[in-house]
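Undergrad: What follows is a single structure, and I will ask about it in a moment.
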Amino acid sequence: MKSKNPELNDNHGNYFFLVLLVLFFSFAPITEGKDFEGTFTITIPGNRLLKSMELGVDVPSNPSVIITQNQSEDVLDSMVQVGNLSKVTLTKNRKGRLRYKGSEKNSIQAIFYLYDNVELVKTFTITPRFYSKNNEFHSKGITDKIFNLEFYEIDRVGDLRGKLLKKIESVSFEIGHENSFDLDLKPLAGKKIAVKLISQDVGQQFLHFPTKKSGQYPFSLIDLKGRLVKRGYSAPISFSYVVLRPSNGYQSTESRLLQLTSEVNHFVKSHPDYGKDRVIEVPIKLQMNLKDLSKSDKTEDLVGPFNK
């Protein structure tokens, strides 16, 4: 039989599923092929009702949990170029055939974004696949020191301009490998982080990045005048950072299963035993607010529920 209150049914289902997600075990060897389940107990005054609850991973303020946002995907279907390229112009003759008209230098810059509210950005990592220099094409080795990285504080993801926080000049990249840069950037609360990759004006040199034509984690390609050329998705980059947490110490301000699942995963990845054949205990904190005790509530608490 369906309930007359579908919202109530959804809430009951969420709470039931939540119990199955909670990891609340002591350290013990993992038995392959076995499922784990656990519960935790809460206490509520017998003469009061709940007004609200807040659920989150009970992480102490120190040490901070360091999270990694990897924007790359395994299956890619596009390739973009960043740097100084030649823009070839073609035209049609009277017979409708294409012919070469000329070429000009075309500098393409990339702007990548960190998709989270952060307290501290620790590192930025980028992995170029290929490198072109004049008529040379390289699938390995190290590029010339002709690239710059600029890190900006912006109002929202997608912005092309912002406040410059850090600049790293004359950068060389190892092709086909992760290139990591230490940052320690602290944006203002509510601000986002953008990274601009630029090539210096030293002839035709550019990087190739495998990406997707659509999907998650959009990034921007712009020209020298700051105009948007196109959008790409899932660039081979990653950030490590400390997530911005509320001042009351709770990681979550609402009991959403998706948010809790994300927090549990962040906690596990930051644990010293992550990747080992052990079970990690995740402390779950549940905050509850009680309703005001009115006179009618007091009466009902003393004599029990009224018969209807």
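The values are calculated or read from the model by the stated rules, or taken from the named source; none is laboratory data. As the structure is a prediction and not an experimental result, all values here were calculated from the model. Cβ: placed from backbone, ideal geometry, glycine included. Neighbour counts: every protein chain shown.
Undergrad: Tally time: how many residues in the stretch 156-176 are under 12 Å from K192 (Cβ atoms) and surrounded by 14 or more Cβ atoms within 10 Å (Cβ to Cβ)?
TA: 5
Undergrad: Mind listing just one residue for me: the one in the stretch 254-275 that is at pLDDT 75 or above and not in a helix (DSSP H, G or I) and, of those, surrounded by the most Cβ atoms within 10 Å (Cβ to Cβ)?
TA: H271
Undergrad: Please give the strands (runs of 3 or more DSSP E) falling wholly within the stretch 134-209 in which 2 or more residues are under 17 Å from F124 (Cα atoms).
TA: Answer list for the stretch 134-209: 147-154, 163-171, 179-185, 192-199.
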